[in-house]
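Enquirer: Sharing a structure here in structure tokens format.
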Amino acid sequence: MIIKKVKDYMSAPIYVIERNEPIQRARNLMFKYGIGRIPVMDKGKLVGIVTKYDITNRLNQAAPEWRRRPIDKIPIQVVMTEKPITIFPDATMPQAAELMVENDISGLPVERDGDIVGMITSRNMVKYFSEQDVRATVGDLMNKNILSVHRHHTIGHVLEEMNVQGVSRALVYEDNATPVGIVTRSSLTFSDIMGPKDEMETKNIKMTRKESTAGRKQYRYIRQMPFVAEDIMTSPIITVNPEIKAVEAAKTLSEKNIIGMPVMENNDVVGYFSADEIISEIGRWK
């Protein structure tokens, strides 16, 4: 393996946001540029960072109506993480990975002489790993902790389970052993389920009611229903076999611009291979 530096793989230039700007602007930037975290500035200095995790967690907040404000009115400083950990451009990729693992984060602002010059993220780590000569297979590195939800589970339930189990994705099932889709924090952040008052929207379902058993007259009405997993899941999903070399699987992740795949063996899901497992492996390199 070749040990390279953060400056060789970091994303640059990057987008930043002021601490008094609204959450809606951060969400729009994430959606437009396909990014998952944005440094928060105050008078040219880094004071925080906002991630997809911060934004999606607001979707499941239960607060009285009078306490809510539209997301174009709520400043970033309300949900940002203060005093984020940074790294220098000349640090090695394993050093960056070790920091990510120790602090349970998936990205680091890159700082030089007090200025933010880039961002090193899980996607950068996947690309770096895909270019290495590593013998490990997907089965060697995969995570066996898998969150499964039914396609009719509400988004609130999915979010709650993600938080409880400490994962950022959930496999969506019908009634058999094969997943039909996947829900990630990215799909939650970039979906249209967040309403103007920072709450989960409902969808309108047309219903039909018969006046009598003979069915002579019918009345149509609209019923509001909460969004469920199948409304925002990604489908079909890309899977991988546990015998595949981890480097080859990482190349697929990088080429498809995804951060994880279910691991399938004999038509059963036996694990999940993602950027998280790759970062943990890189963090062990010296």
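Enquirer: Looking at the stretch 252-276 only, could you name the residues that are within 13 Å of Val138 (Cα to Cα), acidic (Asp, Glu) and part of a strand (DSSP E or B)?
Expert: Within the stretch 252-276, Glu265 is the sole residue that qualifies.
Enquirer: OK, next. Starting from residues that are among the charged types (D, E, K, R) and under 17 Å from Val263 (Cα atoms), keep the ones in the stretch 125-175 and report whichever is modelled with the highest pLDDT.
Expert: The residue in question is Asp140.
Enquirer: Taking the stretch 27-44, which residues are charged (D, E, K, R), under 15 Å from the mean Cα position of the chain (by Cα) and in a strand (DSSP E or B)?
Expert: Of everything in the stretch 27-44, just one residue is charged (D, E, K, R), under 15 Å from the mean Cα position of the chain (by Cα) and in a strand (DSSP E or B), namely Arg37.
Enquirer: Continuing with this model, one more query. Listed residues Ile238, Ile182, Ile244; which is crowded, with 18+ Cβ neighbours inside 10 Å, at pLDDT 70 or above and not polar (S, T, N, Q)?
Expert: Numbers: Ile238 fails: crowded, with 18+ Cβ neighbours inside 10 Å; Ile244 fails: crowded, with 18+ Cβ neighbours inside 10 Å.
Ile182 is the lone residue from the list that is crowded, with 18+ Cβ neighbours inside 10 Å, at pLDDT 70 or above and not polar (S, T, N, Q).
Enquirer: For the stretch 12-37, give me the residue count where each residue is among the small types (Gly, Ala, Ser), surrounded by 15 or more Cβ atoms within 10 Å (Cβ to Cβ) and touching a residue at least 60 places away in the same chain (Cβ under 8 Å).
Expert: As a first pass, look at the stretch 12-37 and keep what is among the small types (Gly, Ala, Ser): 12, 26, 34, 36.
Okay, now just the ones that are also surrounded by 15 or more Cβ atoms within 10 Å (Cβ to Cβ), so 26, 36.
Still in the list and also touching a residue at least 60 places away in the same chain (Cβ under 8 Å): 36.
Residues meeting the conditions: 1.
Enquirer: Report yes if Ala170 is over 30 Å from Pro22 (Cβ atoms), crowded, with 17+ Cβ neighbours inside 10 Å and touching a residue at least 24 places away in the same chain (Cβ under 8 Å), otherwise no. Talk me through it step by step, then tell me what you get.
Expert: Values: over 30 Å from Pro22 (Cβ atoms): no; crowded, with 17+ Cβ neighbours inside 10 Å: yes; touching a residue at least 24 places away in the same chain (Cβ under 8 Å): yes.
When the stated conditions are applied, Ala170 does not pass them.
The values are calculated or read from the model by the stated rules, or taken from the named source; none is laboratory data. Worth saying up front: this structure is predicted, and the values here are computed from it rather than measured. Here the Cβ is made from the backbone with ideal geometry for all residues, glycine too, and neighbour counts use every protein chain on show.
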